[in-house]
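> Pasting a structure below so you can have a look.
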Amino acid sequence: MSAQDLLDEAMKLKPEDRFVLVEGIIKSLDEPDKKLDDIWAEEAEKRLKAYREGKLEGVPIEEVFKEE
């Protein structure tokens, strides 16, 4: 069965069932990786510490989302 065949069949489902299907597929693509989570957590802690010690400046939200 092709991906298009699966999509065609999925479209016949009730919205609630389509949601369950989509959620399951997305979760299968977003498996947590503890090693990466630990690396990001460590980096976030370093940045927060540097900010609190005045070694790192924040950027105003307006600047972050400013369109150029």
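Taken together, the values in this text are just the output of simple stated rules run on the coordinates, not laboratory data. Predicted model only: the values in this text are computed from it and were never measured. Note that each Cβ is placed from the backbone with ideal geometry, even for glycine, and that neighbours are counted across all protein chains shown.
> Among the residues of segment 2-16, is any surrounded by 11 or more Cβ atoms within 10 Å (Cβ to Cβ), without any contact (Cβ under 8 Å) to a residue 60 or more places away in the chain, part of a helix (DSSP H, G or I) and of a type outside the set (Asp, Glu)?
Within segment 2-16, one or more residues are surrounded by 11 or more Cβ atoms within 10 Å (Cβ to Cβ), without any contact (Cβ under 8 Å) to a residue 60 or more places away in the chain, part of a helix (DSSP H, G or I) and of a type outside the set (Asp, Glu).
> Right, here's the next one. Just to be sure, is Glu31 loosely packed, with under 10 Cβ neighbours inside 10 Å, among the acidic types (Asp, Glu) and within 23 Å of the chain's Cα centre (by Cα)? Explain how you work it out, then say what you get.
Numbers: loosely packed, with under 10 Cβ neighbours inside 10 Å: yes; among the acidic types (Asp, Glu): yes; within 23 Å of the chain's Cα centre (by Cα): yes.
Criteria met by Glu31.
> Taking Glu68, is it surrounded by 10 or more Cβ atoms within 10 Å (Cβ to Cβ), of a type in the set (D, E, K, R) and free of Cβ contacts under 8 Å to residues at least 60 places away in the same chain? Quick ask: steps written out before the conclusion?
Working: surrounded by 10 or more Cβ atoms within 10 Å (Cβ to Cβ): no; of a type in the set (D, E, K, R): yes; free of Cβ contacts under 8 Å to residues at least 60 places away in the same chain: yes.
So Glu68 fails the test.
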